[in-house]
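Shown next, in structure tokens, is the structure this report addresses.
None of the figures in this text is laboratory data; all of them are computed from the coordinates on show. Note that the structure is a prediction, hence the values are computed from the model and not measured. FYI the Cβ positions are ideal-geometry reconstructions off the backbone, even for glycines, and counts take in every protein chain you see.
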Amino acid sequence: MQIAEEVTKGGAVSPYLTKRQRLFPSMVSQMVAVGETSGNLSETLLYLSDFYDSEVTETTKNLASTLEPLIMVVMGAMVGFIAIAIITPIYEITQNI
């Protein structure tokens, strides 16, 4: 909303983005500044959208492939625990008979 107010007053978007480095990476503010000066802001924003979409997709794939071995170990431990919990009482009953 603050950016919209700034633009309606005739200001640029890039100074606002530059002031808020914790919210917007420096690449975004630089690309928006270039888009504003060249007159291709919409194309620049579409490019940034595609870039960050592919980054999120790649990070998600990497996270899934990183967590997969850990999930397999946890599942194996759970199956082993359940198997021992079922077999141990049966084994004790057969020893008493």
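Using the Cα gyration tensor of segment 53-97, with a ≥ b ≥ c the square roots of its eigenvalues, what is the shape: rounded (a/c below 1.5), prolate (a/b larger than b/c) or oblate (neither)?
In terms of gyration-tensor shape, prolate.
Using a cutoff of 8 angstrom between alpha carbon atoms and counting only pairs six or more residues apart, the relative contact order for the chain works out to 12 percent. Each 10 Å bin from 0 upward holds the following percent of the Cα-Cα pairs of segment 2-96: 13, 25, 16, 12, 11, 9, 8, 5, 1. The charge dipole of the chain, taken about its Cα centre with unit charges on the Cβ of Lys, Arg, Asp and Glu (plus for the first two, minus for the last two), comes to roughly 300 debye.
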